[in-house]
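For reference, the structure discussed in these notes is given below.
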Amino acid sequence: MKKSEKIAGNVANYVDERTGAAKWLKKNLTKVFPDHWSFMLGEVALYSFIILLFSGTFLTFWFDPSQRDVVYNGSYTPLADVKMSAAYASALHISFDVRGGLLMRQIHHWAALLFMAAMIAHLMRIFFTGAFRKPREANWLIGVGLVTLGIVEGFLGYSLPDDLLSGTGIRIAEAILQAIPVVGSYLAFFAFGGAFPGHVFIPRIYTVHVLLLPGIFLALITVHLMLVWYQKHTQYPGPGRTEKNVVGYPLMPVYMAKAGGFFFIVFGVTALLGAVASINPIWLYGPYTPGQISAGSQPDFYMGWLDGLVRMSPPLETHAFGHTISWNILIPGLIVPGILFTGMALYPFIESWMTGDKREHHLLDRPRNNPNRTALGAMSLAFMLVILINGGNDLIATHFHLTINQIMWFTRIAVFVVPPIVFVITKRLCLSLQRADREIVLHGRETGRLVMMPNGEFVEVHEELSAEKKFTLTQHEQPQALEVPTTDRSGVRNPQGIKGKLRARMSQAHVEQVPAPSQEEAKALEGGHH
Amino acid sequence: MNFGINKLSRYRRHRFATPALMLVALIAVGSTFSVASALTANKETTQSAMSTQVAEGKSIFERGCSSCHGLNAEGSKIAPSLIGVGAASVDFQVGTGRMPMADMSQQAMRKTPKYNAEETAALAAYVASLAPGPDSVNEAAISWERDGNTAQGGELFRTNCAMCHNFAGQGGALTQGKYAPTLMGVDAKYIYEAMITGPQSMPIFNDKTITPAEKLSIIKWLKAAQSEPNLGGASLGRTGPVTEGLLAWVMGLGILIGIAVWLASKAR
């Protein structure tokens, strides 16, 4: 044994004798994880969060979260001697006078966009594969919480530099706050410490942005990952994969290497973006003063849908009992987002109620095998996309030579019309894909090879699928619709009332399937023809 | 309100009513005539020197502009009257190619000018001869480089212009397909003329709202913004977060998903 190995052994032994770590490590380092590219979307979110922590810490060294007035005398001459807040001046200082400061600022902002984009993509993967089903409902809720907090955290970060664009964003946030009936104006006064913009808002949101929310993020992410660890990772169906096992590779060494490498790739992509593409050029926006605004003021994309909703809302207001209720802000700014996020959070429970399925699921669904859920997801995405388009209506208007009014009216109508159409089309597409699966299992793959039979008949040779492929295409469940109980034990008719009927109707929609080919059907076909 | 009219109409059959009305009418006609003749008399002295230019402008106008603006520039259902718009307006509209319009769309677009500098000057002289209006601006005469203040211009621009032309002068959307055009690559004199004539949907910024010195500052800031290198890398159009979001999804997450697919397939 070499000397170095001996020392390492001694150290390991010392630690193990005192902590019993060896047993724990042995068990956990060999933990198996399944492998699929879509399982790495959450990793992207996690890694960009780590990048955000480090780049953000760097920025705090110079950022001065204060709204006191200063006169700029840094090296960006087009703003020389302009009066601005200390926050904006220090953000300019970071950009132009701190070595690597602009790169770090850009990395921080790109990582924030990537963080949100990765979380949304991860959420879509979880939704479309049914990974939120029992026992993972709690983790779904944590995930929804992380996305929601991510939007808030991103918005606060966008607001901190106190440039013209962020000030405009804060102004809209104030308007949304004020739109809350009765207490709105009090809440706004409370948040801003008086009238807008005041002198306390930037320092306040700074504390929330760098301390409170990152702390909550760390805690939630830890629980999120611990639950993945404890409940084990889901896997896509395939031969040898059951609800009771996990097929994949051990954490050590495969995933340690892969995840470690992937972290550096994510960091690399973020740094590349930060180095080559300008993001949030605050020096062009100028300092915020409430009297100014720029055409094409937009929030970051994760808030763009909200902006689009506000932009499309008709001017509705009511005055009652000395209070004004601004429905034009209240509905798009608070009520619709509230309904959307509540619906998203509750979906696992709604689906379980609809289908009556209370079993544990560790095998994922292929999206086509659950047409109703996939269609619902596509419908929600279509809704979001339509309102996101309206969020950028001014830029679309100028760049594609359209009128902003037409875009607004198009999205006002499309927001009601397009999602149902997308639902129907997606559901039909899923059923068609199921039919295609059934076809290929029963008749094999069309090879394009034509063979002439002795009797002169031409046939195309169909190649039979491998047993593994056949299994993968036919393993999914064939769910049964719930029946409405017509009478209960004492003979009372329709005991669950409308609720029961609704549930049965929804369950029926949910189980619409093309039957997977059975063993018998496959056998019957083996008798010669395809 | 009615009371006043009633009170007035009570005197309509008063014996002094007709002479009083006559007097009012006479004063109105007389003073209008005297003001108008004074204006024309005033013009005649300056006109005599450049009457050939005016005549030339009139003939260009009749050929190129009168089908919409009317034979005497009095305007029509589809085009405004040009009486009193001044030389600055003509210089801006014709010099930037906006007039003559290519088609009757939401607003005149900037394009290659149809008339050369000489013809434009002649047109301007003709329109200016109809009634007084803001004079055209000589590019060499506006010394924005010497007299402008970039930082002050930026402040003025953000206060008065950015709400339509965007924070970096890239332009923006207005209602019903109208738009504020980009200010990049526009000659200083056209920026100046636009401010004093208020073309299309733009308001007029007269010398009391924004002083001539401040106008030069705005021009200087715009020129500085135009020549400023993209300090943070590719500018993405200087239009704000929409293009940034697009890039984050396509080049950020898009590339990472590609790498994830590659990593997952390598394991097998």
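The values are calculated or read from the model by the stated rules, or taken from the named source; none is laboratory data. Treat the numbers as computed from the prediction; the structure is a model and nothing was measured. Heads up, the Cβs are rebuilt from the backbone with ideal geometry, glycines too, and the neighbour counts pull from every protein chain shown. These accessible areas exclude ligands, DNA and RNA; they are computed on the full protein's heavy atoms, side chains included. Shrake-Rupley method; radii C 1.70, N 1.55, O 1.52, S 1.80 Å.
Side notes on the structure shown:
- Aspartates and glutamates with Cα under 18 Å of B:Lys220, excluding same-chain neighbours fewer than 8 positions away: A:Asp81, B:Glu139, B:Glu145, B:Asp147, B:Glu155, B:Asp187, B:Glu193, B:Asp207, B:Glu228
- Å² per residue, accessible surface of the stretch B:147-268 at 1.4 Å: 40 Å²
- Highest-fluctuation residue, B:Lys220, B:Lys58, B:Lys208 considered, GNM on chain B with Cα pairs under 10 Å: B:Lys208
- Among B:Ile255, B:Ile210, B:Ile83: highest mean-square fluctuation, GNM of chain B, C-alpha pairs under 10 Å: B:Ile255
- On Cα atoms only, tilt of B:188-197 relative to the major axis of chain B in degrees: 50 degrees
- When nucleic acids and ligands are ignored and a 1.4 Å probe is applied, A:Met384 ends up with an accessible area of around 60 Å².
- B:Asp147, B:Asp91, reordered so the largest accessible area comes first (probe 1.4 Å): B:Asp147, B:Asp91
- Column: log10 I(q)/I(0), Debye, Cα scatterers of the stretch A:152-295, q = 0.15 Å⁻¹: -0.94
- Each residue was assigned an accessible area with a 1.4 Å probe, and for B:Ser227 the value is about 90 Å².
- Accessible area buried, both sides summed, chains A and B with 1.4 Å probe, Å²: 4500 Å²
- Cross-link partners of A:Lys469 among aspartates and glutamates (Cα-Cα below 19 Å; sequence separation of 8 or more within a chain): A:Asp35, A:Glu243, A:Asp365, A:Asp437, A:Glu439, A:Glu446, A:Glu477, A:Glu520, A:Glu521, A:Glu526
- Of all accessible heavy-atom area on chain A, the percent that carbon and sulfur account for (1.4 Å): 67 percent
- Normalising the average separation of contacting C-alpha pairs (under 8 angstrom, six or more residues apart) by the number of residues puts the relative contact order of chain B at 15 percent.
- Dipole magnitude of chain A, debye to nearest 20 (Cβ charges: Lys/Arg +1, Asp/Glu -1, about Cα centre): 1280 debye
- Per-residue accessible area (protein heavy atoms, 1.4 Å probe) orders A:Trp140, A:Trp24 as A:Trp24, A:Trp140, starting from the largest.
- Mean residue ellipticity, 222 nm, helices only, the protein assembly as shown: the sum of -39500 (n - 2.57) across DSSP H runs of n ≥ 4, divided by residue count and rounded to 500, is -18500 deg cm²/dmol.
- Placing A:Arg489, B:Arg110 in order of accessible area, with the largest value first and a 1.4 Å probe, yields A:Arg489, B:Arg110.
- Relative contact order (%) - criterion: Cα under 8 Å, at least six apart; region: the stretch A:53-104: 37 percent
- Long-range Cα-Cα pairs in the protein assembly as shown (distance over 49 Å), rounded percent: 40 percent
- Relative to the dominant Cα principal axis of chain A, helix A:336-355 is inclined by about 20°.
- Angle between chain B longest axis and helix B:117-130 axis [Cα atoms, degrees, rounded to 10]: 40 degrees
- With protein chains left intact and a 1.4 Å probe, residues in the stretch A:287-369 average 46 Å² of accessible area per residue.
- DSSP beta bridges in the protein assembly as shown [antiparallel fraction, %, rounded to 5]: 90 percent
- Bridgeable lysines around B:Lys178 (alpha carbons under 17 Å apart, same-chain partners fewer than 8 residues away excluded): B:Lys111.
- Too-long pairs where the Cα-Cα distance tops 31 Å, listed order kept, from A:Lys26/A:Lys244; A:Lys83/B:Lys215; A:Lys134/A:Lys501; A:Lys26/A:Lys134; B:Lys114/B:Lys215; A:Lys258/A:Lys358: A:Lys258/A:Lys358
- Rounded to the nearest 10 Å², the accessible area of B:Ser51 at probe 1.4 Å: 60 Å²
- Relative contact order (percent, whole number), chain A, Cα cutoff 8 Å, 6+ residue spacing: 17 percent
- Quick note on the stretch A:436-525: its Rg to Rh ratio, both from C-alpha atoms and Rh being the Kirkwood radius, is 1.30.
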